[in-house]
1. So what's the angle, to the nearest 10 degrees on a 0 to 90 scale, between helix 140-150 and the longest Cα principal axis of the chain?
2. Among bridges DSSP assigns within the chain, what percent are antiparallel (round to 5)?
3. Is segment 34-138 best put as rounded, prolate or oblate by its Cα gyration tensor, with a ≥ b ≥ c the root eigenvalues, rounded for a/c under 1.5, and otherwise prolate when a/b is larger than b/c, oblate when not?
4. Accessible area, 1.4 Å probe, largest first: how do E235, E223 sort?
5. So for segment 163-253, what are the equivalent ellipsoid semi-axes in whole Å, largest first, each being the square root of 5 times an eigenvalue of the Cα gyration tensor?
6. Using alpha carbons only, how many degrees (0 to 90, rounded to 10) separate the axis of helix 260-278 from the longest principal axis of the chain?
7. For the chain, what does the alpha-carbon gyration tensor say about shape, rounded, prolate or oblate, given a ≥ b ≥ c as the root eigenvalues, a/c under 1.5 as rounded, and a/b over b/c as prolate?
8. Quote to one decimal, in nm, the extra length available between H225 and A341 on full extension: 0.36 nm per residue of separation minus the C-alpha distance between them.
Amino acid sequence: MIPYGRQDLSQQDIDAVVETLKSDWLTTGPMVPKFEVAVAKFVGAGHAVAMNSATSALHAACSALGLGPGDWLWTVPNTFVASANCAIYCGAKVDFVDIDAKTLNMSVDALEERLKKAEVEGRLPKIIVPVHFAGRPCDMPAIKRLADRFGIKLIEDASHAIGARIGDEPVGSCRYSDVTVFSFHPVKIITTAEGGMALTNDAGLAKAMARFRSHGITRDRAEMHISDEGTWYYEQLSLGYNYRITDIQCALGLSQLNRLENFIRRREQIAARYQDALKGLPLILPEESKIFRSSWHLYAIQIDPDQTSLSRRSLFDGLRERGIGVNVHYIPVHLQPFYRALGFSVGQYPNAEQYYQRAISIPMYAGLTDSEVQQVIELVRSELTR
Ligand SMILES: *Cc1c(COP(=O)(O)O)cnc(C)c1O
């Protein structure tokens, strides 16, 4: 089976992990800040806080931005459930903004309309979480203008998008947001097995997220209530969690970061090959643009119901039977039973729902060989022209 995504580990990556295993530190040693500094430098952000997942980083970011009961967080339905769950963790409420049918990212027009309405109703969100779907950056300049106009904080869920750029601006620089979150799960662009990171240019937010990562504890004298205890002394100032990442994971992440640019170049090649070979089939292909650079985390095709009577289900099953590990991203979050129980229902976000009905993610990862790409292309073609 050719999977839809997978990690790419080199001997150097493995050596980096083994070296850390032989060192004095397995967790919270020198590799954590090394990895943080390297990623912050790579994207041009002031501060980085590495955690055990992007989900933890989203939770930490929401908490640091003061999200709590009575507040709203808005995100898109076309995402992984974690982009919404972070609000619920904080006791806040979630609402969604539909996607644009072309970009598959948060619709700026829908957002503006919803914000105007929410302002009148006195229900403006505290935080908006745009998601760079499949590695294609959202229109962050426009989203930031709206957020500033209505006084709202922004967290970019860039789980798919390390290495992507908006113009010359790397995703993660936080030029257009308060916090940006990356995921290092094995199917994402670079991996630490499990892992994530929050980037910010705000020193106060960075400090709050770092404390949240480890039980709300500080070892900084300047922050303590009692400052003349011995050197064993620490204080818990707020409620935090154990969201720490290990040195072993950060050693892997640091080594993977060296390979990021090559990973994305390979993904770009594969995407270009797909774009070229699949046009002319009854499919809607990802929209490209010169304004941004996608990191091509996913390559999601849509079956075009105007051009074929073949269903998404039969294309999906046909490809799976032929050894292509296709997947579907995403089941709209508001249609999950958990969210339906909160009052959401079918028909509320038509673009995300229609996209979901048509979408199939075909294999896309740096280690995919040319002959595997060709195999995918031929099988998609033969399924669609049977
Ligand atoms: C993978 C993913 C997450 C969660 O990442 P973890 O590191 O697995 O917690 C959140 N949001 C999106 C859009 C993702 O794809």
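The values are calculated or read from the model by the stated rules, or taken from the named source; none is laboratory data. Since this is a predicted model, take the numbers as computed values, not measurements. Each accessible area value is taken on the protein alone, full model and side chains, heavy atoms only, with ligands, DNA and RNA left out. Shrake-Rupley method; radii C 1.70, N 1.55, O 1.52, S 1.80 Å.
1. That works out to roughly 60 degrees.
2. Bridges in the chain are about 65 percent antiparallel.
3. Because a/c hits 1.5 or more and a/b fails to exceed b/c, segment 34-138 counts as oblate.
4. On the way: E235 15, E223 45 Å².
Per-residue accessible area, sorted high to low, gives E223, E235.
5. Values: eigenvalues 183, 63, 18 Å².
Calculated on Cα positions only, the semi-axes equal 30, 18, 10 Å.
6. So the helix axis and the longest Cα principal axis differ by about 20 degrees.
7. Details: a/c = 2.12, a/b = 1.31, b/c = 1.62.
The shape class here is oblate.
8. 37.4 nm
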